[in-house]
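Participant: Dropping a structure here in structure tokens format, bear with me for questions.
The values are calculated or read from the model by the stated rules, or taken from the named source; none is laboratory data. The structure presented is a predicted model; accordingly, all values stated were derived computationally and were not measured. Note that each Cβ is placed from the backbone with ideal geometry, even for glycine, and that neighbours are counted across all protein chains shown. The area values use the complete protein model at the heavy-atom level, side chains included, leaving out ligands, DNA and RNA. Shrake-Rupley method; radii C 1.70, N 1.55, O 1.52, S 1.80 Å.
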Amino acid sequence: MVDTLSDGLEYAGNYVLSGADLVSFTRNGKVLTWVVTNITTSTPLVVTVDVNVTKAGTWDNNLTVGNRNYTVNVTTVVGNKTVNNPNPVVSEILKYNLTVVNTGTDTIRNNLTLVDTLSDGLEYAGHYVLTGADLVSFTVNGKVLTWVVTNITTRAPLVITVSVNVTKAGS
């Protein structure tokens with residue numbers, strides 16, 4: 001099985017394969033190749049590949065299985081980050097919005113991971129509000145906030161409003 005990533009998509013270094021035994025995996029630039037065995041008729045072969053989106057756009061991802069070619073439309077998401085006060089003072093609770101819009105034609109039903117790393121002088125205040133998607137998980141690891149979400153409809157924004165404490169001037 002050969003997966004050729006389009007311009008604007010980069011392999012993020014991880015994949016999960018189920019429904020077969022892996023013989024080998026190779027990567028040559030944007031070309032990912034799996035050789036598998038023991039595929040049964042009762043269990044589907046599923047390969048989930050993590051990719052990073054490196055530029056805005058709409059992509060067709062090309063997949064070859066045996067002698068058949070498939071084109072998979074990759075949904076585009078566009079993100080934005082805004083803050084309620086660009087000049088906060090120490091000890092103030094600051095709120096900012098992470099906004100993501102699915103510009104594709106279908107609802108995103110697979111998990112989408114959103115990661116936000118807080119700047120020096122900011123710390124998570126223990127509160128966020130998420131609208132426009134279903135939450136799968138949320139974790140805080142130091143200054144790194146990670147949401148995994150699903151069911152992002154087209155053209156309707158996913159908005160996460162995050163509260164942070166200002167701990168240092170000039171943040």
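Participant: Restricting the search to the range 7-17, which residues are more than 15 Å from residue 63 (Cβ to Cβ) and either open to solvent by less than 50 Å² (accessible area, probe 1.4 Å) or out of contact with any Gly (no Cβ under 9 Å at 6 or more places or on another chain) (or both)?
Facilitator: 8, 10, 12, 13, 14, 16
Participant: A further question on this structure: Do you know which of the residues in the range 18-59 that are among the small types (Gly, Ala, Ser) and either without any contact (Cβ under 8 Å) to a residue 12 or more places away in the chain or open to solvent by 80 Å² or more (accessible area, probe 1.4 Å) (or both) is nearest to residue 3 (Cα to Cα)?
Facilitator: Applying the filter and picking the extreme gives 29.
Participant: Would you be able to tell me the number of residues in the range 134-152 that are surrounded by 14 or more Cβ atoms within 10 Å (Cβ to Cβ) and of a type in the set (Val, Ile, Thr)?
Facilitator: Total satisfying the criteria: 5.
Participant: Related question: Has the range 120-130 got at least one residue that is under 27 Å from residue 12 (Cα atoms), in contact (Cβ under 8 Å) with a residue 24 or more places away in the chain and of a type in the set (D, E, K, R)?
Facilitator: yes
Participant: Find all pairs meeting these conditions: Cβ atoms under 8 angstrom apart; at least six residues apart or on different chains; first residue within the range 157-171 and on the phi > 0 side of the Ramachandran plot; second residue at pLDDT below 90.
Facilitator: none
Participant: Which of the residues spanning the range 153-170 are surrounded by fewer than 16 Cβ atoms within 10 Å (Cβ to Cβ) and over 21 Å from the mean Cα position of the chain (by Cα)?
Facilitator: 163, 167, 168, 169, 170
Participant: I'd like the full set of residues that are in a strand (DSSP E or B) and either of a type in the set (Gly, Ala, Ser) or within 25 Å of residue 113 (Cβ to Cβ) (or both), limited to the range 34-58.
Facilitator: 34, 46, 47, 48, 49, 50, 51, 52, 53
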